[in-house]
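Trainee: Have a look at this one.
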Amino acid sequence: MRLNQFISIHSKYSRREADRLILEGAVKINHNIATQHSHVPDIAIKNPHKAIKEFKVFINGKALLYNKKKGYTAIVYHKPKGEIVSKKDSHGRKLIYDSLNAKYAHFMPVGRLDFASEGLLILSDSKEVVNKMMHSNMDRIYIIKIDTHVTQKMINAMTNGLELKNAKAGGHNLSNIKEMKFMPMEFEIIKNSNISKLKICLREGKNRELRRFFAHFNANVLDLRRVSYGFVSLNALPVGKTRFFTRQEYNELKNFMNNEDKKHTYK
């Protein structure tokens, strides 16, 4: 495991902040200054109680504690349109943390939903939970509406995948992403007319992936709502409201954390 990832899991710092600290020489391993290419020995991952005696990470002279087992909390938030999934926004737009209860200010989101999208957003106070869920191949299921018929070309691309050299259409105008590869999608056409409705399953969280995909076919996404993420479903949770994970969801999460490659099937 790379050192920046290890630090992000066991501290308040993000990977980007960890990279900055490493570059500044603020991070040491057993009192030796770390580099950006530093990795964490397997012992610190497999047996942290033993590792703490042989392997120590210091940030600004303070030892990073990673031998203690901690519990975690996870919540579901029905994000409304018009909120940014971020701690800050240079354009002054409303943040999810403006709506969330202050006791969730330190919770981190599992992935993102863009400003114009709504639906299920998972947040947790555990960086390990967030990291593993975000980088898993769990099914992300969306209900979307587009402003045109679903064409055979769209169906072929959803079935077989698509690779675009120019994928800027549908993305944010400040995005630096130019190319994008779309894997085959599982989908259901709920309604096919001038305003069409689809249910789509993705297993990655690429930047505005569905908006970019349909923009390639000159179709605009009018509504996008995420209704489930792996074993967690939005169900009847009202827009703007939160709930804790159910006991069943916590059991599923525990199983997932013990076996992060567990397959969650499309429904």
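The values are calculated or read from the model by the stated rules, or taken from the named source; none is laboratory data. Quick caveat, the model's predicted, so the values are computed rather than measured. Here Cβ is always computed from backbone atoms with ideal geometry, including for glycine, and neighbour counts include all displayed protein chains. Ligands, DNA and RNA are excluded from the accessible area calculation, which covers all protein heavy atoms including side chains. Shrake-Rupley method; radii C 1.70, N 1.55, O 1.52, S 1.80 Å.
Trainee: What does the helix-only formula give at 222 nm for the chain: each DSSP H stretch with n ≥ 4 adding -39500 (n - 2.57), the total divided by the residues, and the result rounded to the nearest 500 deg cm²/dmol?
Mentor: Only helices count here, giving -7000 deg cm²/dmol.
Trainee: Using each residue's phi in segment 198-207, evaluate 6.51 cos²θ - 1.76 cosθ + 1.60 at θ = phi - 60° and report the 3J(HN,Hα) Karplus result to the nearest Hz, with x for Gly and Pro.
Mentor: Each residue's phi maps through the Karplus curve to give 9, 10, 10, 10, 10, 10, 9, x, 6, 5 Hz.
Trainee: Moving on. Mind jotting down the distance between the C-alpha centroids of segment 11-27 and segment 134-204, whole Å?
Mentor: 35 Å
Trainee: Go ahead and run the numbers for FRET between Ile155 and Ala63, Cβ-Cβ distance against an R0 of 51 Å, rounding to 0.05. Walk me through the intermediate numbers first.
Mentor: Details: r = 56 Å, r/R0 = 1.11.
About 0.35, to the nearest 0.05.
Trainee: A follow-up question, please. Sum up the charges of everything whose Cβ sits under 14 Å from the Cβ of Tyr97, counting Lys and Arg as +1 and Asp and Glu as -1, but leave Tyr97 out. Before the final figure, lay out the partial values.
Mentor: Numbers: positive: Lys79, Lys87, Lys88, Arg93, Lys94, Lys103, Arg112; negative: Glu83, Asp89, Asp98, Asp125.
Every neighbour counted, the sum reads +3.
Trainee: Hey, of (i) 13.4; (ii) 17.4; (iii) 15.8, which did the structure itself give for mean projected area of the Cα convex hull in nm² when calculated?
Mentor: (iii)
Trainee: If you keep only loop residues by DSSP, which trypsin sites (Lys or Arg not before Pro) in segment 141-179 have at most 15 other Cβ atoms within 10 Å of their Cβ?
Mentor: Answer by residue number: Lys165, Lys178.
Trainee: Something else: Roll a 1.4 angstrom probe over the protein heavy atoms and tell me the percent of accessible area of the chain that is carbon or sulfur.
Mentor: About 49 percent, which is the carbon plus sulfur part of the accessible surface.
Trainee: Further, regarding this structure: Efficiency by 1/(1 + (r/R0)^6): what FRET value for Arg2 and Ser193, r their Cβ-Cβ distance, R0 = 51 Å, to the nearest 0.05?
Mentor: The computed FRET efficiency comes out at 0.55.
Trainee: With springs connecting C-alpha atoms under 10 Å apart, model the chain as a Gaussian network and identify which of Asn32, Asn220, Asn255 has the largest mean-square fluctuation.
Mentor: The residue that fluctuates most here is Asn32.
Trainee: Quick check: pseudo-label points 7 Å beyond the Cα along Cα→Cβ at Tyr72 and Asn207, how many nm apart are they?
Mentor: 2.6 nm
Trainee: What nm distance separates the two modelled labels at Lys178 and Lys81, each placed 7 Å from Cα along Cα→Cβ?
Mentor: My value for the distance between the label points is 3.2 nm.
Trainee: Using DSSP to call loops (not H, G, I, E or B), can you name the GluC sites (Glu not before Pro) in segment 111-193 whose Cβ has at most 16 other Cβ atoms within 10 angstrom? Each step should come with its number before you reach the end.
Mentor: Working: sites: Glu118, Glu128, Glu163, Glu179, Glu186, Glu188; in loops: Glu179.
Of the GluC sites (Glu not before Pro), the ones in loops of segment 111-193 whose Cβ has at most 16 other Cβ atoms within 10 Å are Glu179.
Trainee: OK, next. By how many nm would the segment from Asn218 to Phe55 grow when fully extended, if each residue of separation counts as 0.36 nm and the alpha-carbon distance is taken off?
Mentor: Working: separation 163, 0.36 × 163 = 58.68 nm, distance 5.52 nm.
Full-extension gain reported as 53.2 nm.
Trainee: Lys and Arg at +1, Asp and Glu at -1: add these up for the other residues within a Cβ distance under 12 Å of Arg208 and post the number.
Mentor: Values: positive: Arg112, Lys168, Lys206, Arg211, Arg212; negative: Asp114, Glu209.
Combined, the nearby Lys, Arg, Asp and Glu give +3.
Trainee: Taking 0.36 nm per residue of separation and subtracting the Cα-Cα distance, what length does fully extending Glu186 through Ser90 add?
Mentor: Numbers: separation 96, 0.36 × 96 = 34.56 nm, distance 3.62 nm.
Full extension from Glu186 to Ser90 adds 30.9 nm.
Trainee: Another question, if that's okay. Quick one: if the Förster radius is 35 Å, what FRET efficiency do Lys254 and Ala105 give, using the C-beta to C-beta distance and rounding to 0.05?
Mentor: Calculated transfer efficiency: 0.90.
Trainee: Whole number in Å², please: accessible area per residue of segment 88-245, 1.4 Å probe, ligands, DNA and RNA not counted.
Mentor: On the way: 8040 Å² over 158 residues.
Averaged over the residues of segment 88-245, the accessible area is 51 Å².
Trainee: Restricting to DSSP loop positions (anything but H, G, I, E, B) with no more than 10 other Cβ atoms inside 10 Å of their own Cβ, which trypsin sites (Lys or Arg not before Pro) remain in segment 75-116?
Mentor: Lys88
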